[in-house]
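Novice: One structure coming up, written as structure tokens, with questions to follow.
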């Protein structure tokens, strides 16, 4: 075992205060449970992204409308300036 791996193993066991055998059991449990947990989290992630997309689309529409209103105000102001200069 290389020195780096030994250091990583020691850091893990010291940080989480588990023995190497417990660390192996935790690692195997993680490998076994990961597909189940990920399949349970997929709908949550999908719903979160869907909400983000809806929010983005609404924001995009609101910005377009605001831009149009500001453009109209600028056009009116320019027309008034031209009218006043006559």
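Novice: Go through 27, 52 for me and flag whichever is surrounded by 10 or more Cβ atoms within 10 Å (Cβ to Cβ), assigned to a helix (DSSP H, G or I), within 32 Å of the chain's Cα centre (by Cα) and modelled with pLDDT under 90.
Specialist: 27
Residue-wise test of (1) part of a helix (DSSP H, G or I); (2) under 24 Å from the mean Cα position of the chain (by Cα); (3) modelled with pLDDT under 95.
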{"site": "1", "(1), (2), (3)": "no, no, yes"}
{"site": "47", "(1), (2), (3)": "yes, yes, no"}
{"site": "56", "(1), (2), (3)": "yes, yes, no"}
{"site": "64", "(1), (2), (3)": "yes, no, no"}
{"site": "68", "(1), (2), (3)": "yes, no, no"}
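The values are calculated or read from the model by the stated rules, or taken from the named source; none is laboratory data. These numbers were taken from a predicted model, which means no experiment stands behind them. Heads up, the Cβs are rebuilt from the backbone with ideal geometry, glycines too, and the neighbour counts pull from every protein chain shown.
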